[in-house]
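Please treat every number below as a calculation from the coordinates, not as lab data. Here the structure is a predicted model, which is why all the values come from computation and not from measurement. Here the Cβ is made from the backbone with ideal geometry for all residues, glycine too, and neighbour counts use every protein chain on show.
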DNA sequence: GTTCGATTGGGAAATCTTCCCGATCTCGAT
DNA sequence: ATCGAGATCGGGAAGATTTCCCAATCGAAC
């Protein structure tokens, strides 16, 4: 018997090497393939589907979520376990929306990863304790993302503001008057309790509204 | 013979476990201790200095740089190898300023880590190829951090602006008039070619001026 | 069918930004 | 010592933005 096969997706070779060693110490699991990008993961899974896909969210370009969607599109029954550094609940929720079966943060003890692999191999969902705790807190306290105070249009505009777009650019992009954007801008700041535009950027980052890479300002 | 001893510092247990396996496959290296925080690293090194310290920059709270400084304060000859996800040159430079002997990004092949360990054990400096390339490009093209266009006061104020402080708070903190802060604010935007305050935040982040954690805005 | 909230924008006063200017202060060079 | 460059600090005024209030529209829920 060869146990459960695993496709390991992470853009850091050393990290992959480490996990491979760790996983293969575990009887019943075998790393069948590795991939270092969204597209490589997709192709690898197409070529030879594995029982489990372990994937990091933060990869250059399309954020791992894309890889999840692609793989689930190929195989509705793919078992995908997100194993990432991102501790924010928002990332976890997005991963599940994209089709993941499990979400384990790298802060978790190694056993958590092993346990999660076992769980999702049996068709169950798995989250690491820290994420579970966040979900519990959210449910019990009714606390939500600060963005819940915002309507969809406001979220959209906040995203553009936080990514550095000017009022004119936003008005142009959305085919609205500058006045409307200004009014939204003020309203968003008020609702989010932000006294500064820089604050908006941080809110957007924490809410997972903004990807960290590829923003740039072209200073020179 | 027991080879070179290593202290492994990373806040992710699974990551540590992976590296440990990886390193111990290498003849001549032995992971003598692990630590998951700045203070734990410091205490572990005090208790039993190792030949090499491998440390991740991104740890909760004090950013790993602090751990480097603490350890170097205890032992001027400590060999510290930074092994991190941060690919920005600015992080690498800061690490060397803090006293690191090597800087390897996690995007590097496993051999790079092994090679770097060997190099710094012999008292040499080591950087991974990607960082070396960045340094070379910077030297050859004369390109520097966008912040080089700014004076120290401007950098200080940029930092406060980007972290979300209002004009009044900054004026207060620095004992300057609001007018002066406003003038700096404008000047900084002009020099950095930023058309928006949100842009300033991104510049500050990319320049390594801002730590990603613990900023918050207190929305609710 | 009416009420509620989301969306879109005008108006006007308050505030901020920008650009220009001058006063100091430090520092290295002459 | 003096000079000049450049950083630091702030005033002034015109122009742009922000803020707050208000109104019209539209779709969904009751």
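Here are a few things to note about the model shown:
- Relative exposure of B:128, B:90, judged by other C-beta atoms within 10 Å (fewest first): B:90, B:128
- Between 0 and 90°, nearest 10: helix A:89-98 axis offset from chain A longest Cα axis: 70 degrees
- When Rg and Dmax are taken over the Cα atoms of chain B, they come to 19.9, 67 Å.
- Helix-only CD estimate at 222 nm, as mean residue ellipticity for chain A, using -39500 (n - 2.57) per DSSP H run (n ≥ 4): -15500 deg cm²/dmol
- Label geometry 7 Å along the beta-carbon vector: residue B:46 inter-copy distances in nm: 5.7
- Computed over the protein assembly as shown, the range of Cα coordinates on each principal axis works out to 67, 55, 43 Å, biggest value leading.
- Averaging the Cα positions of each part gives two centres, and for the stretch A:1-50 and the stretch B:2-56 these lie 25 Å apart.
- For the rotation carrying B onto A, the chain B residue whose Cβ lies nearest the axis, with the distance in whole Å, reads B:18, 1.
- Shortest-first nm distances, residue B:190 label point to equivalent points in other copies (7 Å, Cα→Cβ): 3.3
- Pseudo-label separations to other copies for residue B:169 - Cα-to-Cβ vector, 7 Å, nm: 2.5
- Relative pair counts by distance (%), Cα atoms of the stretch B:146-206, 10 Å bins: 24, 62, 14
- The calculated FRET efficiency for the pair residue A:178 and residue A:5, based on their C-beta separation and a Förster distance of 41 Å, comes to about 0.15.
- For the peptides B:155-163, A:42-50, B:189-197, residues were scored by their other Cβ atoms within 10 Å and the scores averaged per peptide; the highest-first order is B:155-163, B:189-197, A:42-50.
- Neighbour-count order for A:148, A:10, fewest beta carbons within 10 angstrom listed first: A:148, A:10
- On Cα atoms only, tilt of A:65-74 relative to the major axis of chain A in degrees: 50 degrees
- The mean number of partner chain beta-carbon atoms within 10 angstrom of a residue's beta-carbon across peptide B:6-17 is 5.
- Relative to the longest principal axis of the Cα atoms of chain B, helix B:129-141 runs at roughly 40 degrees.
- If you model the stretch A:72-189 as an ellipsoid using its alpha carbon gyration tensor, with each semi-axis the square root of five times an eigenvalue, the axes come out at 37, 17, 12 Å, biggest first.
- Ranked list, fewest to most other Cβ atoms within 10 Å of each Cβ, for A:76, B:153: A:76, B:153
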